[in-house]
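Chemist: The structure is given below, and queries will be raised subsequently.
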Amino acid sequence: MPEEKLSHAKRVVVKLGSNVITAVNSLNLDVIDSISRQISTLMDQGMEVILISSGAMAAGLRKMGMDKRPDQIPKRQAIAAIGQSGLMNAYEKSFGRYDKKIAQILLTGEDLHNRKRYLNARNTLNMLMDWKVVPIINENDTIMVEEIRLGDNDNLAAMITLLMDADFLFILTDIDGLYNKDPRNHDDAELIKKVTTFEKQIEQFASEIPGRLGTGGMLSKIQAARKVTSAGIPMIVARGDIPDVLLQLFDSKNIGTYFIPKQKKMASRKCWIAYTLEPKGSLIIDDGAVNAVKENGKSLLPIGILKVQGRFEQGAAVSFKTKEKIIIGIGLVNYRSLDINLIKGLKSFQIESCLDSKHYDEVIHRDNLVLINI
């Protein structure tokens, strides 16, 4: 039950969507103040809270009198820059009313894909929370290009939840949770109160409920839930403009859709490998290797590799698949793709004679390997 998880939560991530905090012509200052007050109340009770806030692009569009996102990337980046300053100013004023300081953090995919920068981001966030400062995080749209794009703030919220080993993720949006059809268009839509498994039907429901101003929609929230619950962290999607929505949730009120986590939490490094890194290629492995890594917790050896897909260097993140092309995991390779092509199907003792050197017996060591269900 969510109340059991919430009663033990010490650190939470709250994601606030652009549709919640933008009014017709400007930021919705009432909602921003309400969320700031609720977060401040939780902090006064000893909670650590990280806020992921959309709204910069939407605020910039409103400020410039535009009704849709520009197609050209430079214009979109400029709009985000215009909106970000107004967004942070609104938060600073609101949190200031409750004697709380804030810090702005803008991230790109590079900041989370690189292990050193990933750890630096975690250290900074930990220090801010030690100082009782509210970190407010957004994607750095001003310098964003496709290669370093995080995707949307639902994905960013999931990544930060994993990065900071949070106990709970709240995604606050403009509808009450996950429905079996879009409630904005169907009067008979039914709210799904709990999700335990991510069946195709769940994704079908979500894909039919698009976002408005934001880049996400309900499908991106399902994808975020899949990541955090796989790592043992629960998530709730709820309507963000419900009065005292966060405080009600902590008071065990039955609001929104609760995504039930797996029983065991995943280690931080494994979360980084599984859900933050972008695979640079893939390995097709035989049935014996599938059984070894899935059932027996073994490393991936060259003898079990049938085919190498893509070009990548040593240390890259690579997915591995069954012969039917079903992804079962991701890991960091000990050899580059050219070398794996040469040693695939060989026993480990044959690596040296094939490559004239051998640094590892394994292509992917079990400590750098994560089983996932994509």
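Chemist: Might you check whether a residue that is out of contact with any His (no Cβ under 9 Å at 6 or more places or on another chain), of a type in the set (S, T, N, Q) and not in a helix (DSSP H, G or I) occurs anywhere in region 31-44?
Modeler: No, that holds for no residue.
Chemist: Consider region 77-112. How many of its residues are of a type in the set (S, T, Y) and assigned to a strand (DSSP E or B)?
Modeler: At the first step, the residues of region 77-112 found to be of a type in the set (S, T, Y) are 85, 91, 94, 98, 108.
If we keep only those that are assigned to a strand (DSSP E or B) too, we end up with none.
Matching residues across region 77-112 total 0.
Chemist: Being under 13 Å from L27 (Cβ atoms) and either small (G, A, S) or not assigned by TED's automatic domain parsing to the domain that holds P135 (or both) is the filter here, so list the residues in region 56-99 that pass it.
Modeler: If the condition is that a residue be under 13 Å from L27 (Cβ atoms) and either small (G, A, S) or not assigned by TED's automatic domain parsing to the domain that holds P135 (or both), then A56, A58, A59, G60, G83, S85, G86, A90, S94 are the ones that fit.
Chemist: Within region 319-332, does at least one residue satisfy the condition of being part of a loop (DSSP other than H, G, I, E, B), out of contact with any Pro (no Cβ under 6 Å at 6 or more places or on another chain) and surrounded by 14 or more Cβ atoms within 10 Å (Cβ to Cβ)?
Modeler: Residues of region 319-332 part of a loop (DSSP other than H, G, I, E, B): 322-326.
Applying the additional criterion that residues be out of contact with any Pro (no Cβ under 6 Å at 6 or more places or on another chain) yields 322-326.
Remaining after also requiring surrounded by 14 or more Cβ atoms within 10 Å (Cβ to Cβ): 322.
Yes, some residue in region 319-332 is part of a loop (DSSP other than H, G, I, E, B), out of contact with any Pro (no Cβ under 6 Å at 6 or more places or on another chain) and surrounded by 14 or more Cβ atoms within 10 Å (Cβ to Cβ).
Chemist: I would also like to ask the following. I'd like to verify a number: residues in region 178-189 that are surrounded by 12 or more Cβ atoms within 10 Å (Cβ to Cβ) and part of a loop (DSSP other than H, G, I, E, B), how many?
Modeler: Looking only at that region, the number is 8.
Chemist: Considering only residues that are surrounded by 11 or more Cβ atoms within 10 Å (Cβ to Cβ), at pLDDT below 90 and either closer than 15 Å to A316 by Cβ or more than 38 Å from the chain's Cα centre (by Cα) (or both), which ones fall in region 356-369?
Modeler: none
Chemist: Of these, L87, L106, L61, L112, which one is buried (at least 19 other Cβ atoms within 10 Å of the Cβ) and modelled with pLDDT of 85 or more?
Modeler: Going through L87, L106, L61, L112 in turn, just one is buried (at least 19 other Cβ atoms within 10 Å of the Cβ) and modelled with pLDDT of 85 or more: L87.
Chemist: Can you tell me which residue among K270, K298, K262 is at pLDDT 90 or above and of a type in the set (D, E, K, R)? Lay out the reasoning, then the answer.
Modeler: Details: K270 fails: at pLDDT 90 or above; K262 fails: at pLDDT 90 or above.
Residue meeting the stated conditions: K298.
Chemist: For region 245-281, how many residues meet the condition of being of a type in the set (S, T, Y) and buried (at least 19 other Cβ atoms within 10 Å of the Cβ)?
Modeler: Of the residues in region 245-281, 4 are of a type in the set (S, T, Y) and buried (at least 19 other Cβ atoms within 10 Å of the Cβ).
Chemist: I would also like to ask the following. Given the structure, is S40 of a type in the set (G, A, S), more than 21 Å from I137 (Cβ to Cβ) and in contact with a Lys or Arg (Cβ under 6 Å, 6 or more places away or on another chain)?
Modeler: no
Chemist: A further question on this structure: Considering region 242-264 alone, what residues qualify as being of a type outside the set (V, I, T) and closer than 19 Å to A157 by Cα?
Modeler: Of everything in region 242-264, those that are of a type outside the set (V, I, T) and closer than 19 Å to A157 by Cα turn out to be L246, L249, G256, Y258, F259, P261, K262.
Chemist: Could I ask something else about it? Give the residue that is modelled with the lowest pLDDT, with candidates limited to residues of region 1-30 that are assigned to a strand (DSSP E or B) and farther than 13 Å from T173 by Cβ.
Modeler: Looking at residues that are assigned to a strand (DSSP E or B) and farther than 13 Å from T173 by Cβ, I get L27.
Chemist: Quick one: how many residues across region 337-355 are part of a loop (DSSP other than H, G, I, E, B) and either crowded, with 16+ Cβ neighbours inside 10 Å or in contact with a Ser or Thr (Cβ under 9 Å, 6 or more places away or on another chain) (or both)?
Modeler: 2
Chemist: For region 251-259, check the following and say yes or no: at least one residue is modelled with pLDDT of 90 or more, closer than 18 Å to T161 by Cα, out of contact with any Phe, Trp or Tyr (no Cβ under 7 Å at 6 or more places or on another chain) and among the hydrophobic types (A, V, I, L, M, F, W, C).
Modeler: Yes, some residue in region 251-259 is modelled with pLDDT of 90 or more, closer than 18 Å to T161 by Cα, out of contact with any Phe, Trp or Tyr (no Cβ under 7 Å at 6 or more places or on another chain) and among the hydrophobic types (A, V, I, L, M, F, W, C).
Chemist: Hey, another quick one. Among the residues of region 45-76, write down those that are within 24 Å of the chain's Cα centre (by Cα), of a type in the set (D, E, K, R) and part of a loop (DSSP other than H, G, I, E, B).
Modeler: Across region 45-76, the qualifying residue is only R69.
Chemist: Just checking, how many residues over region 238-286 are of a type in the set (A, V, I, L, M), more than 14 Å from the chain's Cα centre (by Cα) and either over 25 Å from T322 (Cβ atoms) or in a loop (DSSP other than H, G, I, E, B) (or both)?
Modeler: So the answer is 10.
Chemist: I would also like to ask the following. Is it the case that region 297-305 has a residue that's in a helix (DSSP H, G or I), of a type outside the set (S, T, N, Q), buried (at least 16 other Cβ atoms within 10 Å of the Cβ) and under 28 Å from the mean Cα position of the chain (by Cα)? Please lay out each step first, then the result.
Modeler: First, the residues of region 297-305 that are in a helix (DSSP H, G or I): 302-304.
Then drop every residue that is not of a type outside the set (S, T, N, Q), which leaves 302-304.
Now drop any that are not buried (at least 16 other Cβ atoms within 10 Å of the Cβ), which leaves 302-304.
From what is left, the residues that are under 28 Å from the mean Cα position of the chain (by Cα) are none.
Checking region 297-305: not a single residue is in a helix (DSSP H, G or I), of a type outside the set (S, T, N, Q), buried (at least 16 other Cβ atoms within 10 Å of the Cβ) and under 28 Å from the mean Cα position of the chain (by Cα).
Chemist: While we're here: State all residues of region 58-110 that are closer than 25 Å to Q45 by Cα and aliphatic (A, V, I, L, M); if no residue qualifies, say none. Talk me through it step by step, then tell me what you get.
Modeler: If we filter region 58-110 for residues that are closer than 25 Å to Q45 by Cα, which is where we start, we get 88, 90-105.
Once the filter is applied, which keeps residues that are closer than 25 Å to Q45 by Cα and aliphatic (A, V, I, L, M), region 58-110 yields M88, A90, I102, A103, I105.
The values are calculated or read from the model by the stated rules, or taken from the named source; none is laboratory data. These figures come from a predicted structure and were not determined experimentally. A quick note on method: Cβ atoms are made from the backbone with ideal geometry, for glycine too, and the neighbour counts reach across all protein chains shown.
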